[in-house]
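Q: Structure below; questions to follow.
The values are calculated or read from the model by the stated rules, or taken from the named source; none is laboratory data. Note that the structure is a prediction, hence the values are computed from the model and not measured. Note that each Cβ is placed from the backbone with ideal geometry, even for glycine, and that neighbours are counted across all protein chains shown. Note: accessible area is taken over every heavy atom of the protein model, side chains too, but ligands, DNA and RNA are not part of it. Shrake-Rupley method; radii C 1.70, N 1.55, O 1.52, S 1.80 Å.
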Amino acid sequence: MKPPPPPPPTLRKLVVEVKDARDLVPKDGYGTSSAYVVVDFCSQRKRTSTAIRTLNPEWNERLEFAVPKPSEMDLEELNVEVYNDKHFCGGGNKNHFLGRVRIYGTQFAKKGQEGLVYFPLERKSFFSWIRGDIGLKIYYFDEPIEKEEDPPPVEAAPVRNRRLLRRRWREESPTPPPPPVTPPPAVEVKRMTQAESRRYLFVRVVKARELATAACRCEAQYVKVRCGGHVMRSRPSIARAEAVGGAEWNQVFAINYSRPELAGPTLELSIWDGRSDAFLGGVCFDLTDVPVPVGGRRSCREPTHPVSGEIMVSVWIGTQADDAFAESWSSDAPCIAYTRSKVYQSPKLWYLRVTIIEAQDLRAVGSAQPTEVRVKAQLGFQSARTRRSNSNRSSAVFAWHEDLMFVASEPLDDHLILLIEDRSMKEPGVLGHAWLHSGRLSSGWTSGLCRQNGTIWRRRSPSAMGGYHVLDEAAHVCSDYRPTAKQLWKPPVGVLELGILGARGLLPMKTKLGGAKGSTDAYVVAKYGKKWVRTRTIIDSFDPRWNEQYTWQVYDPCTALTIGVFDNWRIFTDSADKKPDYHIGKVRVRVSTLESNRVYTNSYPLVVVLRSGVKKMGEIEVALRFTCPALLPDTIALYSQPMLPRMHYVRPIGVAQQEALRAAAARLVATWLARSEPPLGAEVVRYMLDADASSWSMRRAKANWFRIVGVLAWVVGLARWFDGIRRWRSPVTTVLVHALYLVLVWYPELAVPTASLYVFMMGAWYYRFRPKAPAGMDVRLSQADTADLDELDEEFDGFPSSRAPDVVRERYDRLRTLGARVQTLLGDIAAQGERAQALVSWRDPRATKIFIGACLCVAVVLYAVPAKMVAVAAGFYWLRHPMFRDPMPPAALNFFRRLPSLSDRLL
């Protein structure tokens, strides 16, 4: 019997029938919207017509798409987006986003089984206001196509005695047989957790046998791997002594196989002599025999041609999650070591306090005795200098009694260098020096020899202070407050779990193929406490999926977790080139905003501020959970304790000195992590630690000003409410306030509990408006969306400025204008305080006489009249009706404004 003929070839098509939408958001300024729909599938983009000015549009249009790979249709994604047409919104300049729907291939129905489904519209970002549903009917069908003539088959090269060679190899080779090929598992596609679609063809070249000839040596052989346009070369082979003519490589290659038509249908392996570049043999694979799903692997031993011999290779298709990817040589990233995931630990940092007491028996070379002597201390790249000494000419003793502080990291192997300088001359001269190993920390006196005349000086040795917490982050976003000494640590209060799921819509950060294609090689860095984590790098993907999980112990919930996304540049350059990784954006989440034992899965926008303005780089999706088994009394006790260790309050460090020490600590951490493998670049560490946050920025100054205004808005709102009560805008409310005031005056013991009850009710009322998820970075709060381009250019300008003199002069004038406003504000505040002091200082004798006389009258009245009656009279007088109130300022305010201040004494 003849076998049945094969089924005719077919072309699969996907049909999307866009029916209607309901209850859309009005966007045209008239209470309606002019909506149209854009459908995107497999790089095919089609749109419907526009339904003019309606919130319930109807299209009833049929859009048809071709399915290039029916076998992989379940992995594809259908994007449906609704926009408001700008041509029908009264002169708008853009098409407003009205919502979107993402449907995966597992939800597609076959023709005849479809139905009308209303999908709720989703937001693109947290700032989008989206509502409504869209009705879609989605189905697919297979359409037969005419069969084309097949090309004549290519005859394979004859292979003799192949079975005999394989049998002999299996008998002599000590290596175990390859693992069996497992059947492909069922692919489960879930929303936002789809496996990474980028595939790699893995080729492990193990060893070869019986390849040696008289013309070559086995230790100079190498293997060429060719697949389509990808050509890679192995390292030189290692000669195997147990077999004649044997060579070993044991090297893995990873070839980008996301698009097999570009990678090629065949895999070619050829062996070459490294000394003479002579061709020794080769083998060719048909990649259709290689298992496609992840986990399938085919190991084989093939004879090479034309020279007799065999080569052992293993070929399979996988993703970056494969264990062999970290050690492979990839066609996308030559320096594949920089793509690995890694967990780092910050160095243990200490504060070193050097107390400079005095120096004795100092003598100069000349006859003149030094008058201005200072001590300069150096520890690594850090240096500090004391003030001018208090000298005693009779005994040549110079005293300082001054503390100098440094930051040191373990191991404490740096030397502390002390220099005594004579700065009484034009050119400072060194009178003596000494050095001490920072690891030998003690307290006492140490003698050191001077360079000149063998004189002796003394200083006190440094001491490491483990009671401090060395700040490498800003105090308001710190992730750890523990002291350096481990003996002072308290037990943890919970565990923070972070799941880095993936990112969406990343922008291209670099170009490939001569600028014809953009790409992004993204990885994520998360920092909390002393632990840094780095995910693997997803090569050439705008929607990378990491699906990695990390945990930290939490010692204080009032701390912040920082998550940053970066583009990997080191995978294409040698480490000596020092190509920095560019930041894509970061998110900071405060642990105290997370409820205990609750999982938060949110997408946060990645926003950066550039010289050209603010720019959204994409979105990152993370999952967070804070597990806190502590009971309520323990939590209350934790909130009542100071944040920083005791030493920061017993012996505080100045603000300016603290900023200098923080910069030094950030530099030490960056240097330490840059020596790891793979290295974490200094630019990454500085961006995560906000090392440049203290530099001048007009944008940050505006942001802080509006923050102050926002804080005072509550006070202003309360003042306006009281003013409305006084003006009787709501008579009922004013009468109720009168009654409440009488109750509080007659029963003053109820004042405090009433106020506490009101605060409780206000907090309970705001519970319904609590945030549903921890907040990320706020563009509007940072004033990044309203910043001027010149202000942003000034923010990114270094020190000293590299701009033209006229630009610097213009910025300086603008800064002077701002400084004048601040100066005026400070002067007004000082004047009010000086007027209050002038009430009793007799600076204005008449005003002081009036004030103290009024105080005497008030005292007599309060002694004679009951306090409740006075309080009722004063309150009712303050709440009197506007018809009994003079519109001019009151007499007490006029009297205060007439008091003198010290402004008239300023030059």
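Q: How much net charge surrounds L116 when only other residues with a Cβ under 10 Å from its Cβ are counted (Lys, Arg +1; Asp, Glu -1)? Walk me through the numbers on the way to the answer.
A: Values: positive: K19, K137; negative: E17, D20, E114.
Neighbourhood net charge equals -1.
Q: Hey, another quick one. Taking the alpha-carbon distance from K19 and a cut-off under 28 Å, which lysines remain once sequence neighbours fewer than 8 residues away in the same chain are dropped?
A: K27, K46, K69, K86, K94, K110, K111, K124, K137, K190
Q: Give, in nm to one decimal, the length gained when the segment between F279 and R385 is fully stretched (0.36 nm per residue of separation minus the Cα-Cα distance). Provide the component values of the computation, followed by the final result.
A: Details: separation 106, 0.36 × 106 = 38.16 nm, distance 6.94 nm.
Between F279 and R385, full extension yields 31.2 nm more.
Q: Right, here's the next one. Ordering I357, I311, I145 by accessible area with a probe of 1.4 Å, largest first, what comes out? Walk me through the intermediate numbers first.
A: Values: I357 25, I311 0, I145 80 Å².
Sorted by accessible area, descending: I145, I357, I311.
Q: Quick check: residue separation of A220 and A892 times 0.36 nm, minus the Cα distance between them. What number comes out in nm? Working shown, then result.
A: Numbers: separation 672, 0.36 × 672 = 241.92 nm, distance 10.04 nm.
Length difference between fully extended and current span is 231.9 nm.
Q: Same structure, new question: Suppose R0 equals 35 Å; then what is the FRET efficiency for V38 and V599 from their Cβ-Cβ distance, rounded to the nearest 0.05? Spell out each step's value before the answer.
A: Numbers: r = 33 Å, r/R0 = 0.96.
About 0.55, to the nearest 0.05.
Q: Which value, in Å², gives the accessible area per residue of segment 526-576 when a 1.4 Å probe is used on the protein heavy atoms? Write down the numbers at each step before the final one.
A: On the way: 1400 Å² over 51 residues.
Normalised by residue count, the accessible surface of segment 526-576 is 28 Å².
Q: Still on this structure, please answer the following. Net charge near Q783, counting Lys/Arg +1 and Asp/Glu -1 over other residues with Cβ under 9 Å of its Cβ?
A: Residues near Q783 contribute +3 overall.
Q: Next up: For segment 821-907, what is the accessible area per residue in Å² when the probe is 1.4 Å?
A: 79
Q: Rounded, prolate or oblate for segment 713-762? Axes are the square roots of the Cα gyration tensor eigenvalues, ordered a ≥ b ≥ c, and the cut-off for rounded is a/c under 1.5. Display every interim value, and only then the final one.
A: Working: a/c = 2.32, a/b = 1.23, b/c = 1.89.
Oblate, because a/c is 1.5 or more while a/b does not exceed b/c.
Q: Note down the nm distance, to one decimal, between modelled labels 7 Å out along Cα→Cβ at R809 and at K46.
A: Using points 7 Å along Cα→Cβ, the separation is 6.4 nm.
Q: May I pose another question? Projected onto the charge dipole of segment 772-838 (+1 at Lys/Arg Cβ, -1 at Asp/Glu Cβ, origin at the Cα centre), which of P800, G833, A775 gives the Cα projection farthest towards the positive end?
A: G833
Q: By its C-alpha gyration tensor, with a ≥ b ≥ c as the square roots of the eigenvalues, how is segment 832-906 shaped: rounded for a/c under 1.5, else prolate for a/b larger than b/c, else oblate? Provide the component values of the computation, followed by the final result.
A: Values: a/c = 3.16, a/b = 1.51, b/c = 2.10.
Oblate, because a/c is 1.5 or more while a/b does not exceed b/c.
Q: Stretch S612-Q345 to full length: gain in nm at 0.36 nm per residue minus the Cα-Cα span?
A: Working: separation 267, 0.36 × 267 = 96.12 nm, distance 3.59 nm.
Contour length minus the Cα-Cα distance gives 92.5 nm.
Q: Run the accessible area of segment 864-907 with a 1.4 Å probe and give the carbon-and-sulfur part as a rounded percent.
A: 70
Q: Any idea what the alpha-carbon Rg over 2.2 N^0.38 Å comes to for segment 517-573? Can you show the working numbers first?
A: Details: Rg = 13.8 Å, N = 57, 2.2 N^0.38 = 10.2 Å.
Its radius of gyration relative to the 2.2 N^0.38 Å reference: 1.35.
Q: Please give, to one decimal in nm, the separation of the simple spin-label points placed at E77 and D690, each 7 Å out from Cα toward the Cβ.
A: It works out to 3.2 nm between the two label points.
Q: For segment 1-82, what class follows from the C-alpha gyration tensor (a ≥ b ≥ c being the square roots of its eigenvalues): rounded when a/c is under 1.5, otherwise prolate if a/b is larger than b/c, else oblate? Before the final figure, lay out each step's value.
A: Values: a/c = 4.46, a/b = 3.31, b/c = 1.35.
Judged from the Cα gyration tensor, segment 1-82 comes out prolate (a/c at least 1.5, a/b above b/c).
Q: Give the peptides 565-571, 231-237, 706-712 in descending order of average Cβ contacts within 10 Å, highest first.
A: Packing proxy ranking, top to bottom: 565-571, 231-237, 706-712.
Q: Sum up the charges of everything whose Cβ sits under 14 Å from the Cβ of R729, counting Lys and Arg as +1 and Asp and Glu as -1, but leave R729 out. Could you put the intermediate results ahead of the total?
A: Numbers: positive: R720, R726, R727, R885; negative: D723.
Net charge around R729: +3.
Q: Right, something else. Using amide H atoms built in the peptide plane, which far-off residues or other-chain residues are under 5 Å from L55 H to H?
A: Residues meeting the criterion, in which the H sits 1.01 Å from N, are S33.
Q: If you don't mind, there's one more thing I want to ask. What's the FRET efficiency of S903 with V655 using the Cβ-Cβ distance as r and R₀ = 22 Å, to the nearest 0.05?
A: Details: r = 29 Å, r/R0 = 1.30.
Efficiency computed from Cβ-Cβ geometry: 0.15.
Q: Same structure, new question: Could you work out how far apart the two model spin labels at L789 and S592 are, taking each label as a point 7 Å from the Cα in the direction of the beta carbon, and quote it in nm?
A: Label at L789, label at S592, 4.2 nm between them.
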